[in-house]
Amino acid sequence: MADINLSRITKSFGDYRAVNQVSLDIADGEFVALLGPSGCGKTTLLRLLAGFEEPDGGVISLGGQVVADPQSNIMVTPEMRNLGIVFQSYALWPHMSVARNVGYPLEVRGLGRAERDHKIKAALDTVALGPYADRSPTELSGGQRQRVALARCLVMEPRAVLLDEPLANLDVHLRETMQQAFLDFHRRTGATMIYVTHDQAEAMAMADRIAVMDKGHIRQMAAPETLYREPADLMVAGFVGAGAVLPISNVSITDDRTCSVRLGDTDVAARICPNFVRNRAAAHAGQAGLCLRPEDVWVDDAGALRGSVEDCVYLGGRFRLSVRIGQDRDHVLPVYANRRARIGENVGLKVSDGWVFDRMQGEAA
Amino acid sequence: MQAVSRLRGFWPGMITARSNSNRSSDRLLYWLLVPVFVVSILPIVRLGFEGVMVGGVPSFDYFRDVLGNGSTWQATANSLYTAGLGTIISLLIGGSFAFLVALTDVRAKAALVFCFMIPMMIPPQITALSWVQLTGPSSALLNAFGIAPAMGSPQPLYSAEGIALLLGIQHASIVFLTLRANLRMLPREQIEAARLAGARGGRLWWQIILPLTSPGLIAGTAMAFVTALGNFGITAMLGIPANYATLPTLIYQKLAGFGPSVLGEVSVLAMLIGAIAICGVALHHRLLSKRDYRLMGMVGRPLDISLGARRPLIEAILWAVLVAILVVPLLALIATSLVPAFGVKLNFDNYSFAAFREVLFVQPSTARAFQNSFMLSVGAAVTLVLVCLPLAYVMVRRPSRLTKLINLLVEVPYALPGVVLAIACILLFIRIPLLDVSLYGTLGIIFIAYLARFLVIALRPVMNSFSQLDPALEEAAQACGAGLGRRLRDILLPLAAPSAAAGALLVFLTAFNELTVSALLWASGNETLGVLIFNLDDSGDTVLASAVAVMVVLVVIALMSCFQLASRRLPKGVVPWQT
């Protein structure tokens, strides 16, 4: 196991910059998710790490060893990197039995048969597939195949395990079971894991830290709760979690952490991004945004902020309303309520919390 | 000619062509392109050289002589007419068979497909021989029933239309195979969606099925046309008696005469055929590039449109066509091989196996030819598969300008008439530069020519299977620490084996009874089956020729049956004509 460092990595395909000046440090034993919409460059980043792609610029090192540095003409091939990878399509070899699939890395390394069989058995037991050793992968279900792929990584004792949207082909039910399987695997082995996904729920549930990517850049890298409570910019605020971002112009800063924002006819108390406090000019340039999560806004008939209900969905235990607010009725807030509301009904809202940040344009993090 | 200049446009790219990775083991793979270049492209270049040099000086004299001669243009027109008409016939027969077998609920599909493949596996000159014997005044079969045309009346097949008809029948299976591969990829959802939208009957066929399968139709048509253009067996056996010259027969006749300018003139004629063939291939690429009908959706159960009450009628028509194009000519061939002397009326009292006895036990050349053809075709099939696995890997997984150029050029030796390729091989290998060894008159030169000609047949199935493989399968092995050699051996080779075997089988069956290439390359003791039959018929021993032909057909059918019977045990996709 080893820590992983990426420094100013760039990769273009023709004119298209898939990965642009990305720097990333991952600690030994950490579980990091790369999260982003399709085409954001997350899979390219993973493939750069694995060695299937060669960066145009930048340095990648694994446990202190430089494995890719085009400037010094260093490019370690994937087969020499000792990284495990789990693909979305499982990538099990249909012409080999489950045991041979799992044992292939050991076969390549020239281990003796006895030692090989022992390790294969241990790895298959770890993913609870011991009895399936002699089956063909084609006879297994999707979840079982993914566990075989995981066992194949495990057996080679890799420096890190890379997972490329491993759950995308499984049904919702199986996904939760497999998430648990990945977490168990991570706890038991302590392996560094890098997990590519476009599903924020998956990333939030498993990762120690999440890197949100968009258009080849990393927008923000933080723990899931930080990402949710304190998004750094508009893209992250919109992509992670439900909620709305309102452009605001009138911010009065109370202290380093809090401020008061004018919203309609009321003042709302909110937390504020420390960057913003240091860079007050942005506030006057209309560069500020207020991120409101649905659990921070409740229907309260006494509330000074008024709006009309556009939509009402029962979530079990509570309702989620979409409420249109503002003078020009140009913003829609997702809001929780304890009672059903009529479409078009005029309701009052009470805002208990909010997050003010300064990056409303989609510039690089 | 435009296509040629486009080819030339690739050359500067070759110098700057660079692999997209700098792994040293990968660079080794590129050395594989060298023998491919020497065997399949260099001979053609050498032949072209001959046409533009007169006595060692660059000159257009041969061009002026050949292109200024009326017979050249007459032969060109004849070639275009017979190949064009033949292609239309192939398209009608092969196309309707493919549609009916792949999309409807006709019964006994496996048997239909098997029988329909046989004409392709029978050498063209044998097809020609059997049809001539079926229809002429001395037809053994017709005479046996007393319905032969009167003695002295002309043989109706000795005509342009006769040539076109046989070309059409011979190449119908090419259209059938390409189209059927395309039809099998047709997801039934797309047809079902059209039916839900209200399309029925003819509208469904014309507006949905036909456009969706047009890539297969275009590819099949182009291949049938190019193959017909280079056909020598049928045009020679039907055209020469009628004094009807096409470009391949004109070349053959020029070569039969001697003179200092023969090679130059032949080279120019070859370039003319090559230009027409390349135009055909280029047109086909152009048409295909305009349509990207990638078929979305799962290919699940095959479609079977119900034919309803018309099914028995349609089945009867299909089998009747098979009887007409396969059974009847074969019967005629067998009848001829059994008559005591050519022209004698066959009946139950006078049939004789003398011809079989003669060719099997008296003439040593038959056994020799069987042995030569068998060795050549097995050797070519094995060698080509071994070369094609890594070659296809380079072309699919490490594409560069160089591999794209090679991809286009390997088509040329197959598209050119076999006679032209044979001349090109003679020119290049009559005295190998540096080594000072001559391959002329040995089996080696035929072998090399076969490698050049059939490379593309072995290459395409393997390339297809590589491009359909999930790259992750290889990358997973790479992450496991497997180097290139190991990956090829452990992962890619087993996964591509079925298509490689299918390619090898096609090469073997095509090479086994090949005539056009070996017609010019054989020497006494090195004759192939195709040459033996042609020579026997040419020297008037039609009964003996028929006997050899019957044996060849029986061997081919027996081999195909063996593969058919073993197909259950073989991996899926090995037997090309199987579903």
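Within a 10 angstrom radius of the beta carbon, how do B:Cys425, B:Cys279 rank from fewest other beta carbons to most?
B:Cys279, B:Cys425
Can you work out the Karplus-derived ³J(HN,Hα) for every residue in segment B:516-522? Use 6.51 cos²θ - 1.76 cosθ + 1.60 with θ = phi - 60°, whole Hz, and x for glycine or proline.
4, 6, 6, 3, 9, 9, 6
R0 = 51 Å: FRET efficiency of A:Arg187 with B:Ala309, Cβ-based, nearest 0.05?
Once the sixth-power term is evaluated, E becomes 0.15.
Working only with C-alpha atoms, what are the Rg and Dmax values of segment B:363-460, expressed in angstrom?
Spelled out, the Cα radius of gyration and Dmax of segment B:363-460 are 15.4, 53 Å.
By its C-alpha gyration tensor, with a ≥ b ≥ c as the square roots of the eigenvalues, how is segment B:295-427 shaped: rounded for a/c under 1.5, else prolate for a/b larger than b/c, else oblate?
oblate
Given the options A:Leu140, A:Leu227, A:Leu83, which has the most mean-square fluctuation in a GNM of chain A, springs set between C-alpha atoms less than 10 angstrom apart?
A:Leu140
How big is the Rg/Rh ratio for segment A:4-229, C-alpha atoms only, Rh by Kirkwood, two decimals?
0.97
Peptide B:479-491: average number of partner chain Cβ atoms within 10 Å per residue?
Partner-chain Cβ atoms within 10 Å, mean over residues of B:479-491: 6.
Quick one: grab the alpha carbon gyration tensor of segment A:242-357, order the square roots of its eigenvalues as a ≥ b ≥ c, and give me rounded if a/c is under 1.5, else prolate or oblate depending on whether a/b is larger than b/c.
prolate
When ranked by the protection proxy of mean other Cβ atoms within 10 Å per residue, highest first, what sequence do the peptides B:195-203, A:67-75 form?
A:67-75, B:195-203
Dividing the convex hull volume of the alpha carbon atoms of chain B by its residue count, what do you get in Å³ per residue?
Convex hull volume per residue, Cα atoms: 178 Å³.
Between A:Ser7 and A:Asp267, what FRET efficiency comes out of the Förster formula 1/(1 + (r/R0)^6) with R0 = 56 Å and r the beta carbon distance, rounded to 0.05?
0.80
Order of B:Trp31, A:Trp298, A:Trp93 from fewest to most other C-beta atoms within 10 Å?
In order of increasing Cβ crowding within 10 Å: B:Trp31, A:Trp298, A:Trp93.
Mind listing which trypsin sites (Lys or Arg not before Pro) in segment B:37-112 are in a DSSP loop and have 11 or fewer other Cβ atoms within 10 Å?
Loop-located and lightly packed - B:Arg107.
Under the definition of partner shielding as Cβ atoms of other protein chains within 10 Å of a residue Cβ, what is the mean value for peptide B:467-478?
Mean number of neighbouring Cβ atoms from other chains: 6.
I'd like the Karplus ³J(HN,Hα) series for segment A:67-84: coefficients 6.51, -1.76, 1.60, θ = phi - 60°, whole numbers in Hz, and an x wherever there's a Gly or Pro.
These are the phi-based 3J(HN,Hα) values: 10, 8, 7, x, 5, 9, 6, 9, 8, 7, 5, x, 5, 9, 8, 6, 10, x Hz.
Enumerate by residue number the trypsin sites (Lys or Arg not before Pro) in segment B:380-451 meeting two conditions: DSSP loop (anything except H, G, I, E, B), and at most 13 other Cβ atoms within 10 Å of the site's Cβ.
Hits after loop and neighbour filter: B:Arg431.
How many partner chain Cβ atoms sit within 10 Å of a residue's Cβ in peptide A:83-91, on average, as a whole number?
Partner Cβ neighbours, averaged per residue: 5.
Convert each backbone phi in segment A:225-238 into a coupling constant with the Karplus relation 6.51 cos²θ - 1.76 cosθ + 1.60 (shift: θ = phi - 60°), then list the ³J(HN,Hα) values in order as whole Hz, x for Gly and Pro.
Values, residue by residue: 5, 5, 4, 6, 7, 10, x, 7, 8, 4, 4, 5, 4, x Hz.
So which trypsin sites (Lys or Arg not before Pro) in segment B:436-538 end up in coil per DSSP with only 11 or fewer other C-beta atoms within 10 Å?
none
Shape call for the protein assembly as shown from the C-alpha gyration tensor, a ≥ b ≥ c root eigenvalues: rounded (a/c under 1.5), prolate (a/b greater than b/c) or oblate?
Prolate is the answer for the protein assembly as shown, as a/c is 1.5 or above and a/b outweighs b/c.
Under a point spin-label approximation (7 Å from Cα along Cα-to-Cβ), what is the A:Asp28-A:Arg257 distance to one decimal in nm?
The modelled label-to-label distance comes out at 3.4 nm.
Work out which helices of chain B, taken as complete DSSP H runs, extend at least 20 Å along their axis over the Cα atoms and score a mean Kyte-Doolittle of 1.0 or more, then list them.
Result, helices passing both filters: B:70-103, B:160-184, B:214-229, B:262-290, B:364-397, B:443-468, B:493-512, B:542-566.
Every number here is computed from the coordinates shown, using simple stated rules; none is lab data. Bear in mind the structure is a predicted one, so any value in this text is a computation, not a measurement. So basically every Cβ, Gly included, is an ideal-geometry build from the backbone, and we count neighbours across all protein chains shown.
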